[in-house]
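Here is the structure we will look at, set down as structure tokens.
The values are calculated or read from the model by the stated rules, or taken from the named source; none is laboratory data. Everything quoted here is computed from the prediction, not taken from an experiment. Note that each Cβ is placed from the backbone with ideal geometry, even for glycine, and that neighbours are counted across all protein chains shown. Only protein heavy atoms, including side chains, enter the accessible area calculation; ligands, DNA and RNA are left aside. Shrake-Rupley method; radii C 1.70, N 1.55, O 1.52, S 1.80 Å.
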Amino acid sequence: MEDSRVLRLLCVIVMVIMNYVTCEDVTYTIKEEQKPNSVVGNIGRDSKIHDMVTDVDFANLRYSLLTQGNAFSSFFTIDGVTGDLFAAKRIDKESLCPFTTACVLNIEVVASNQGSGGVFFESIKIHINVNDINDNEPVFAQQRASIEISESVNIGASFSLTGAVDKDTGENNTLKKYEILPKDGPFGVGFNINIDGSSTVSIIVEKQLDRETKDSYTVTIIARDGGQPSRNGTMIVDINITDYNDNSPKFSDEIYNATVRENTPSQTVIQIVSAIDDDIGKNGEIFYRLSARQSADIHRYFSMNAVSGAISIRTSLEYQTTENMKIIVEASDRGVPPKFSQAIVEVTVIDTDNNPPQIRINMLSGLINALILETASIGSPVAHMAVTDPDSGQNGVVNCYSQNAAFDLRALDKNEYKIVVAKVLDYEESRSYLVTIMCEDSGNPPLNSSEYFTVDVLDANDNKPVFIQTNYAVSIPENNSINDTLLQVVATDADTNTENGRISYRLQDDAYPYFDINPSNGIVKARVVLDREDNASHIFHVLAMDNGIPKNTATAEVIINLLDINDEAPKFEKDSYTFYVYENRNANTIVGNVSAFDPDLGPGGLFVFTLATSDFTTKLPFTISPDGLLSTTRMLDSESQSQHVFTIFATDQGVVSPLTGSTRVTVVVLDENDNTPFFTFPNDANHSLTVYLPISKNSSIVKINAADDDSGVNGKITYTLRSDNVSSLFVINPITGNILVTRDITPADIATYHFTVSAEDGGKISNKLERRFSISFELERVNVGSLGGDGNQNVTIVVALICATILVSAAVLIALFVIKRRDRNRRAKYLESQKSSTGNTEAGKSDVQFKSEREKNGRMNEIEGKDNPAFRMNKSQGQGNNYKQVSESSLKGTSKLNESLDTSTATDIPGGVAVGDHAHQRLIKMASIRLQHDLKLHANHAPIHHKPLTYEAKVREWQDHSRRAEDFHSTSSGEVTTGDSGNGSDEDSHYHHDRNITPTKIRLGVGAVVRNHYNPAPLEKHKTANNLSTTPRQVKFVIPSEDCVSPIYSHYSHSHPSIRSDATEDNDDTTTSGSYSIMMDDIRSELPDFNVVKDIYV
């Protein structure tokens, strides 16, 4: 029971799955015309429906055709149980699918059942391809046809017939070719198969046809398809050869003769002609006629019967003029086109009566009157005249003549004339002539007749226009307006005819594009603004032309002269000029020439030259002549001014408004070698140099500098060197002036070397200057490291100095700020107390007196400075203390100084006067900032360690620095004299390029603030008193300039007064030597003595 349920469930699942499987479309291919009940195929097998159901359900399937909506279902039947599909009846492809190659019949079959798995229903689409078989033969629309072909057709001509049609559409079953029988006849066959399956067959003429030889043919056209075996259809064609009018009628005789009297009655037959034609029908039907191409008299006197060919007299022959007459007769068929032949009938007329001549005049003009142009030449015809006389013999001989002398007769043929002009005609003299013609025969008696007609003379364009003047001239001012009227030209024409005498005007090409003319009245106008400077006069020609045929013309010359107006400024040949002149030339030297032109006439074309600079104020060293010659007014100097740029003006002399032109002129002053080189180093002030060892080979130890005010090659300097003692030790670069050593310098070379340096310019005649110069070699300087200690100790000292400097600077800045604020408050109190004071002689001193006292106090301070303990300490310890001791002392002193500054206050002055002032604050601030800057500078340039010097070397080094301190002012301070050392200025010291910086001596002083009360006693007291506590002291913070040695604490080492008196003063009390001084007498307060003073080298 359970198994049955499982099986049933599986079946249901299978059926459900199968419901989602669709059958494939089924395609069959069958041939048409199969018998009914022919098997097409099995639907169940071919549609793979078996894969969709079980075998049991497949066996239970039932099949049925769907008829609704399936137009081709009636052609098939299906076995509902087996699924076999049958053809129900014959299928004709040509009926179902005409005109197409492919034929597909679509039907639909349904397979269904109600099996154990549920309801199965599937629609299957069936596509049946019906293939064509060769079951149809080509069929002609008609079995027999008739055509007509003219015997005159050309070979290759074709005649189309409706071709056969084959209903089969298979590739090989359709119509393929045509044949014609008999094959040896004069015809062939051609065909063309159309897209729709129809065809056109053509009978082609292959041989020449002749109806007269054979007039009909019967051929058979066969159409064959391409089937195996092939099918064919036939059509019989009857061909009738139609006649072509290829034969002309033929007369029995070519010439017929007849004789008749002139009085023979009309309608009398005088001759019968006959002809035959081999053609048939209309082509062979003959009729007769008189030829149209013969004398009109023949048609007037004779007529011809078209059917019988009989010639008869139409009118009496009495008035005919000839004795023998030729009649041309024609025999023509009625073919298209017709053919004809001609014959001649000669008729002899026998004269019986005498008649007067008959005159016929025909005007060539076709009008009643003859017309002739007056310009007609002699012999020009005006009319045609013919005279007839029906008589024969002498009675028919006629003579004619004109009775007007202006016209004459000229014979054309017997009794035929043309009337011609016999003399020159003139319309203006006679406009018409009456001409009479007389004719007379030679009979006895003679008979005559006359005719007259009128000849009208036509006016010809035989007169040319004539200008009243052959030349026209007019003068007008330039700068006219456009369309201004300039003049009028007039011409006449003697012809009276309207057109021949009507004149029109036009300008010839030489007037373009300046002028226009009115073609009717001859008024000439300007079409542009005329400029005399472009063209002073315009010459052109005017054409007067009548309107006759042909046209006659006349020409007149027109001259337009332009009067000048001052409208052009002078113009220079160049926009700018450049001239060259050598300096040092005398005045009136010619520089160059400028040229200008002014196209105006009169004063407007005359101009003068003037010179001016851009600012119109600078006096130029040039003058210009009226003809543009530029010359100098003084000697020029290239070194003062190498070129002069100015403007030359050319101003015309126009009366109303003078006009000006200008050009830019540049005068380049060429240099001459008129300057001697001069030395900037060495010079009178600096002509020596000390160089320190070591110095390597090819090192540049000094650069000689010279200059020359000349320019170019004249200012190019070449240096030479002449050594007095060792010439091979030094060389000089002739271009740069650098002096180099030729080898390494050793201590053995230490000495002073003297040279002669020369500087020579490059002029053709050169100038040369020589200068004496000396170079001293010495050992290297002592640095801080040489005083003791190792490298690490030196680094520690430098770091300590930097730290000390920063601390001191910070302390000084803070102290300055506090002091400045306190001084401001005290000054306010001082001013209040000053107002209440009854008098104070010391406060009332003038600034001049106070300055004098300050200078005296300074000198006293210099004297007292010799006994200063700090000085003595510095002097005694100058050679014994090492750098470390100095640093420790300096730092200790700095600490004291900071402590003192923090606790310091202004000295109390009796009367409540405050000691602090702006000068005091500013000087302290400047000194502290500059001291801090230089200490940092020297600390950053750590010296290179060198070997310690000997005692003698150290002393010599110290002495050298002392000498150099004295020389310092020679450059930095602007002095021009050398110091006592003889070594020149600080700029003269050169060091080897391997050194970072030259060792420099710095004297550092540090001390605590000691307050002393100000003594208001007169300053003169200081001159005699030796009391340090009451003597104003001078304290100087010294910061040496870079690469030089400055005078440090010069007030300790010299007895002269304050340094202030030897240096140039500025706003911040800074001497130009690099020393900054703060004087106690300036600030009216005290600064501490230095506890530690030490000279150090960095």
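Does ASN738 qualify as being touching a residue at least 40 places away in the same chain (Cβ under 8 Å) and open to solvent by 30 Å² or more (accessible area, probe 1.4 Å)? Criteria not met by ASN738. Scanning region 206-229 for residues that are in a loop (DSSP other than H, G, I, E, B) and open to solvent by 50 Å² or more (accessible area, probe 1.4 Å) gives GLU206, LYS207, GLN208, ASP210, GLU212, THR213, LYS214, ASP215, GLN228, PRO229.
Here VAL130 fulfils each of the conditions (1) of a type in the set (Val, Ile, Thr); (2) open to solvent by 20 Å² or more (accessible area, probe 1.4 Å); (3) touching a residue at least 24 places away in the same chain (Cβ under 8 Å) apart from (2). Listed by first and then second residue, the pairs linking a residue in region 374-386 that is within 15 Å of ASN362 (Cα to Cα) to a residue that is of a type in the set (S, T, N, Q) and assigned to a loop (DSSP other than H, G, I, E, B), with Cβ atoms under 9 Å apart and 6 or more places separating them unless they lie on different chains, are VAL382/SER365; ALA383/SER365; ALA386/ASN415.
If you go through region 599-639 and keep only what is modelled with pLDDT under 90, of a type in the set (Asp, Glu) and either within 14 Å of ALA650 (Cβ to Cβ) or surrounded by 14 or more Cβ atoms within 10 Å (Cβ to Cβ) (or both), you end up with ASP600, GLU639. Restricting attention to region 185-205, the residues that are surrounded by fewer than 13 Cβ atoms within 10 Å (Cβ to Cβ) and either polar (S, T, N, Q) or modelled with pLDDT of 90 or more (or both) total 2. Among the residues making up region 391-406, those that are out of contact with any Lys or Arg (no Cβ under 8 Å at 6 or more places or on another chain) and assigned to a loop (DSSP other than H, G, I, E, B) are ASP391, SER392, VAL397, GLN403, ASN404. Looking across THR633, THR553, THR613, THR618, one residue alone is without any contact (Cβ under 8 Å) to a residue 40 or more places away in the chain and more than 17 Å from VAL668 (Cβ to Cβ). It is THR618. Within region 439-469, can you find the residues that are open to solvent by 60 Å² or more (accessible area, probe 1.4 Å), outside any strand (DSSP E or B) and modelled with pLDDT of 90 or more? Across region 439-469, the qualifying residues are ILE468, GLN469. In region 556-580, the residues that are over 30 Å from ILE503 (Cβ atoms) and without any contact (Cβ under 8 Å) to a residue 40 or more places away in the chain reach residues that are open to solvent by 70 Å² or more (accessible area, probe 1.4 Å) and not small (Gly, Ala, Ser) with C-beta atoms within less than 8 angstrom, at least six apart or across chains, in these pairs: GLU573/PHE597.
Taking the criterion of being assigned to a strand (DSSP E or B), at pLDDT 90 or above and under 20 Å from SER308 (Cβ atoms), the residues of region 233-264 that qualify are LYS250, PHE251, ILE255, TYR256, ASN257, ALA258. Going through (1) more than 26 Å from GLU440 (Cβ to Cβ); (2) in a strand (DSSP E or B); (3) touching a residue at least 40 places away in the same chain (Cβ under 8 Å) one by one, ILE361 falls short only on (1).
Summed over region 136-165, the residues that are touching a residue at least 40 places away in the same chain (Cβ under 8 Å) and either hydrophobic (A, V, I, L, M, F, W, C) or outside any loop (DSSP other than H, G, I, E, B) (or both) give a count of 17. When region 353-377 is limited to residues that are among the charged types (D, E, K, R) and out of contact with any Phe, Trp or Tyr (no Cβ under 7 Å at 6 or more places or on another chain), the one that is least open to solvent (accessible area, probe 1.4 Å) turns out to be ASP353.
Scanning region 418-431 for residues that are under 29 Å from PRO356 (Cβ atoms) and open to solvent by 30 Å² or more (accessible area, probe 1.4 Å) yields LYS418, ALA422.
Residues that are of a type in the set (Val, Ile, Thr), open to solvent by less than 60 Å² (accessible area, probe 1.4 Å) and more than 30 Å from SER631 (Cα to Cα) do occur in region 684-691, at least one of them. Against the test of being at pLDDT 85 or above, among the basic types (Lys, Arg) and either part of a loop (DSSP other than H, G, I, E, B) or surrounded by fewer than 20 Cβ atoms within 10 Å (Cβ to Cβ) (or both), the options LYS176, LYS125 yield a single qualifying residue, LYS125.
Name the single residue that is modelled with the highest pLDDT among those in region 529-552 being surrounded by fewer than 16 Cβ atoms within 10 Å (Cβ to Cβ), part of a strand (DSSP E or B) and not aliphatic (A, V, I, L, M). Selected residue: HIS541. Here region 36-87 is the region considered, the condition is being in contact with a helix residue (DSSP H, G or I) (Cβ under 9 Å, 6 or more places away or on another chain) and in a strand (DSSP E or B), and the residue that is surrounded by the most Cβ atoms within 10 Å (Cβ to Cβ) is LEU85.
For region 241-257, the set of residues classified as touching an Asp or Glu at 6+ places or on another chain (Cβ under 9 Å) and surrounded by 15 or more Cβ atoms within 10 Å (Cβ to Cβ) consists of ILE241, THR242, ASP243, TYR244, ASN245, ASP246, ASN247, SER248, PRO249, LYS250, TYR256, listed by residue number. On inspection, ARG334 fails the criterion of being surrounded by fewer than 15 Cβ atoms within 10 Å (Cβ to Cβ) and either within 60 Å of the chain's Cα centre (by Cα) or not in a strand (DSSP E or B) (or both).
Among all positions in region 488-504, there is at least one residue which is open to solvent by 30 Å² or more (accessible area, probe 1.4 Å) and closer than 25 Å to ILE565 by Cβ.
Among the residues of region 340-352, are any out of contact with any Phe, Trp or Tyr (no Cβ under 8 Å at 6 or more places or on another chain), part of a loop (DSSP other than H, G, I, E, B) and open to solvent by 60 Å² or more (accessible area, probe 1.4 Å)? No: region 340-352 contains no residue that is out of contact with any Phe, Trp or Tyr (no Cβ under 8 Å at 6 or more places or on another chain), part of a loop (DSSP other than H, G, I, E, B) and open to solvent by 60 Å² or more (accessible area, probe 1.4 Å).
Against the condition among the aliphatic types (A, V, I, L, M), surrounded by fewer than 19 Cβ atoms within 10 Å (Cβ to Cβ) and part of a loop (DSSP other than H, G, I, E, B), how does ILE476 come out, does it pass? When the stated conditions are applied, ILE476 does not pass them. Applying the set (1) hydrophobic (A, V, I, L, M, F, W, C); (2) surrounded by 15 or more Cβ atoms within 10 Å (Cβ to Cβ); (3) farther than 14 Å from THR589 by Cα to VAL656 leaves exactly one unmet item: (2).
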